[in-house]
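Beneath this line is the structure, given in structure tokens, with notes to follow.
Read-outs throughout are calculated quantities, based only on the coordinates presented, and are distinct from any laboratory measurement. All values derive from a computational prediction rather than experimental measurement. Backbone-built Cβ (ideal geometry, glycine too); neighbour counts: all protein chains shown.
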Amino acid sequence: MTALKKYQRLDTEGVWRENAQAQRRDVIVCFGEASLIIKDKTDTALAHWSLPAIHRANPGKRPALFLPAPDADEELELSDPEIINAIEKIRRTIEKSRPQAGRLRLYVITALAALIAVLAVFWLPQALVRNTVAVLPESTRLAIGTSLLGHMTRLTGDTCRKPLGAAALNRLTRRAVSTRLRKAYIVPGLGTRDTLVLPGRLLLMDATLVEDHDSADVAAGYMLKALADRRNADPMTDLLQRAGSRVTFHLLTTGEMQDDALRAYAEALMTGTEPALDQDAMLPMFEGAKIAASPFAYAVDITGEETLPMIEADPYRGQDAPRLLSDGDWISLQEICAE
């Protein structure tokens, strides 16, 4: 300790008392290695006081009265200003080097507050969403998806319902995705999206997917893409993440979704971007559904450059793929939105 080394050669006279019942006696006081040594006139050590433990009993007064500990009976009276200042300086130096309980407590409280804030902002909302999604029954998901569909059609136009076309769409849905999607709807315009999967496994498709192409394979391919998108991102999870913790907690406790949240989500979906095409993940889906991949690949990119892997790995490349719909059903599907 630098402060101690500076004063190691200091000594002075003082008055020492071993305890409250003992007589006061004249002593010599000098600094030792991390201690204050009290000696008698014959240079015999009477006591060693630990410098870090020394306590000033009468701060600011002279002569100075020191104790080896705050509750000790032993005491030392000193009058020499230089050695008093030396002891005080060493005490201050030691005190500064000690961990400050109040400061440590402040650091701990601040750290805990920061941790709680991080949890509140990042972990708790996500945990609330995960828990809510995990316990929602399929009937509640379907009810939410149906309500959301109502808000969507205010923006997309009503779902196309010509009876023959609707029947053809149901047959194509069962053929392409079986029961993995509950029901498909075609709407006049879906904004920036080709397809959307709503909670309850409801599928919305833009009318151009049947009106602007020559075969049902394109629409079936977009159904498979929608199914792949749903696997990567649960629409119920996306809805609750956008809606926020208050809406999520309300759903968890009441089983009901607030209408304003559904309206806002419908507007957000209309301006969202189509999820990226994962060709590697989709190829097995085409093969498993016995659907040609090339018509969908060319619909995504008319040049075929970006979707070349799907074209080259088409399970029906160079041969006729199984028909998805009869000619009559395909014509009915193309006219599903006709007036």
(message) Tell me which cysteines of the chain come out unpaired when the rule is another cysteine's Cβ under 4.7 Å.
(response) C30
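Could you tally the net charge around N19, taking each other residue with its Cβ under 10 Å from the Cβ of N19, Lys/Arg +1 and Asp/Glu -1? Don't jump to the answer; show the numbers that get you there.
Details: positive: R17; negative: E18, D73, E74, E75.
The answer is -3.
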(request) Show me 275-283, 233-241, 39-47 ranked by packing, highest mean number of other Cβ atoms within 10 Å first. (result) 233-241, 275-283, 39-47
(request) Could you state the angle between the C-alpha long axis of helix 101-118 and the longest principal axis of the C-alpha atoms of the chain, as a value from 0 to 90 degrees rounded to the nearest 10? (result) 0
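Counting each DSSP H run of 4 or more residues in the chain as -39500 (n - 2.57), what helix-only mean residue ellipticity at 222 nm follows after dividing by all residues, to the nearest 500 deg cm²/dmol? Walk me through the numbers on the way to the answer.
Numbers: 15 runs with 170 residues, N = 339.
Taking each H run of at least 4 residues, the total per residue is -15500 deg cm²/dmol.
With a cut-off of at most 13 other beta carbons within 10 Å, and DSSP calling the residue loop, which GluC sites (Glu not before Pro) in the stretch 265-318 qualify? Please list them. Present the calculation step by step, with values, prior to reporting the outcome.
Numbers: sites: E267, E287, E305, E306, E312; in loops: E305, E306.
Within the stretch 265-318, the qualifying GluC sites (Glu not before Pro) (loop, at most 13 other Cβ atoms within 10 Å) are E305, E306.
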(message) Quick one: the Cα spread of the chain along its three principal axes, in angstroms, biggest first?
(response) 124, 46, 27
